[in-house]
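J.: Before we start, here is the structure in question, set down as structure tokens.
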Ligand SMILES: Cc1cc2nc3c(=O)[nH]c(=O)nc-3n(C[C@H](O)[C@H](O)[C@H](O)COP(=O)(O)OP(=O)(O)OC[C@H]3O[C@@H](n4cnc5c(N)ncnc54)[C@H](O)[C@@H]3O)c2cc1C
């Protein structure tokens with residue numbers, strides 16, 4: 001088990017400080033202990049849902065809220081709220097009524113020509129009310145909620161799922177919330193289903209009046225305000241691309257496409273760029289994996305609940321997905337009694 005240098009301090013950001021020294025693990029005699037491996041939005045939400053369901057939880061992870069690394073997807077992105085299509089697609093049929101979430105968001109309104117929110121060259125659009133969140137603040141908030149429930153935290157990179165039980169020997173199981181990191185932790189058949197969907201974004205100064213997303217032939221472009229920090233310009237979705245470097249030519253293309261989406265942020269015709277970043281959506285053939293298997297580890301039967309592969313929807317699906325994973329764990333534990 002590799003321990004990060006200076007790994008005793010787990011997370012300190014804003015007003016939230018979580019546990020700092022982890023050499024002694026206090027085992028609860030009343031609650032069943034479960035390890036959550038991973039501290040992205042999926043791991044943090046799963047930990048919180050387990051704690052709220054009455055379990056004792058230890059989170060083991062290499063990266064934490066406040067860390068920035070290409071192998072840590074969650075700190076990177078937000079949620080759009082206005083869509084524009086350049087060409088007809090199955091989604092634009094029936095004035096957008098076939099979009100699965102059309103009845104779930106407030107003020108869902110089709111945009112047809114002429115409309116001030118619909119560019120002259122666009123085919124169709126929709127407007128609706130949604131929310132956007134600042135990922136770093138949200139992750140820190142999730143961790144602080146878990147801290148309120150007494151979560152324990154360890155900073156480690158593990159080489160196998162069984163390895164977490166060396167540090168939390170009394171745990172009845174582990175929830176594998178490692179995103180793309182699961183490639184190195186699951187068997188070859190499951191590992192083959194995982195792939196990155198590369199995204200590249202640019203953070204610019206100022207908060208856009210509206211979140212806007214435009215889909216055209218072979219491209220997507222979006223502007224989404226990041227509350228308190230500026231506005232994110234995007235983007236791209238390239239399956240199977242592991243490149244962690246910023247593609248400067250692509251950045252120029254993204255900037256040009258986004259000028260029409262957020263003209264209110266332009267100063268002398270240009271955005272004020274703060275930073276450029278690359279992220280890897282943790283994609284999986286067949287969608288997210290929520291599945292339990294039982295394994296004998298160090299003389300004891302333990303469950304492994306896989307909970308990864310949320311691709312470009314980890315935030316929006318985190319609460320429901322965590323509930324499903326925890327319900328599955330509860331059913332599996334009941335079967336064992
Ligand atoms: C450009 C872009 C735009 C996006 N837009 C949206 C959006 O609009 N809406 C939305 O809902 N989602 C969006 N997403 C997707 C969202 O960011 C991801 O689905 C989500 O962050 C995945 O979270 P995760 O917890 O599964 O993985 P991660 O955040 O990658 O967390 C993995 C955790 O596991 C740990 N880990 C992995 N392997 C090991 C190991 N061997 N040992 C110890 N720890 C390990 C890591 O350290 C980390 O703590 C976007 C993503 C990108 C890149």
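The values are calculated or read from the model by the stated rules, or taken from the named source; none is laboratory data. Since the structure is predicted, the reported quantities are computational estimates derived from the model, not experimental observations. Reconstructed Cβ throughout: ideal geometry from the backbone, glycine too, with neighbour counts over all protein chains shown.
J.: Does any residue of the range 239-248 turn out to be assigned to a helix (DSSP H, G or I), in the same structural domain as residue 119 (by TED's automatic domain parsing) and in contact with a strand residue (DSSP E or B) (Cβ under 9 Å, 6 or more places away or on another chain)? Working first, answer last.
T.: Here is the first cut: in the range 239-248, the residues assigned to a helix (DSSP H, G or I) are 248.
Still in the list and also in the same structural domain as residue 119 (by TED's automatic domain parsing): 248.
Filter once more, keeping what is in contact with a strand residue (DSSP E or B) (Cβ under 9 Å, 6 or more places away or on another chain): 248.
Yes: one or more hits.
J.: Among the residues of the range 297-304, are any under 27 Å from residue 199 (Cα atoms), within 14 Å of the ligand (Cβ to nearest atom) and surrounded by 14 or more Cβ atoms within 10 Å (Cβ to Cβ)? Steps first, please.
T.: The initial filter retains those residues of the range 297-304 that are under 27 Å from residue 199 (Cα atoms), namely none.
Checking the range 297-304: not a single residue is under 27 Å from residue 199 (Cα atoms), within 14 Å of the ligand (Cβ to nearest atom) and surrounded by 14 or more Cβ atoms within 10 Å (Cβ to Cβ).
J.: Follow-up question, since we're still on this one. What is the number of the single condition among (1) within 11 Å of the ligand (Cβ to nearest atom); (2) in a loop (DSSP other than H, G, I, E, B); (3) over 19 Å from the mean Cα position of the chain (by Cα) that residue 117 does not meet?
T.: (1)
J.: Also, I was wondering about something else. Output the number of residues of the range 211-238 satisfying the condition of being surrounded by 21 or more Cβ atoms within 10 Å (Cβ to Cβ) and part of a loop (DSSP other than H, G, I, E, B).
T.: Adding up the residues that qualify gives 2.
J.: Select from the range 259-289 the residues that are within 29 Å of residue 310 (Cβ to Cβ) and without any contact (Cβ under 8 Å) to a residue 40 or more places away in the chain and write down the one among them that is surrounded by the fewest Cβ atoms within 10 Å (Cβ to Cβ).
T.: Ranking the candidates gives 287 first.
J.: Ok, one more. Please verify whether the range 121-128 includes one or more residues that are within 15 Å of the ligand (Cβ to nearest atom), within 17 Å of the chain's Cα centre (by Cα) and more than 24 Å from residue 291 (Cβ to Cβ). Don't jump to the end; show me each part of the working.
T.: We begin by selecting, within the range 121-128, every residue within 15 Å of the ligand (Cβ to nearest atom); these are 128.
If we keep only those that are within 17 Å of the chain's Cα centre (by Cα) as well, we get none.
No, that holds for no residue.
J.: Tell me which strands (runs of 3 or more DSSP E) are completely within the range 260-314 and hold 3 or more residues being at pLDDT 95 or above and over 30 Å from residue 162 (Cα atoms), or say none if there are none. Give the steps one after another, and end with the answer.
T.: On the way: elements: 273-284, 289-297, 300-308.
Result: 273-284.
J.: Which of the following residues is assigned to a loop (DSSP other than H, G, I, E, B) and touching a helix residue (DSSP H, G or I) at 6+ places or on another chain (Cβ under 9 Å): 99, 126?
T.: On the way: 126 fails: assigned to a loop (DSSP other than H, G, I, E, B).
Exactly one of 99, 126 is assigned to a loop (DSSP other than H, G, I, E, B) and touching a helix residue (DSSP H, G or I) at 6+ places or on another chain (Cβ under 9 Å), namely 99.
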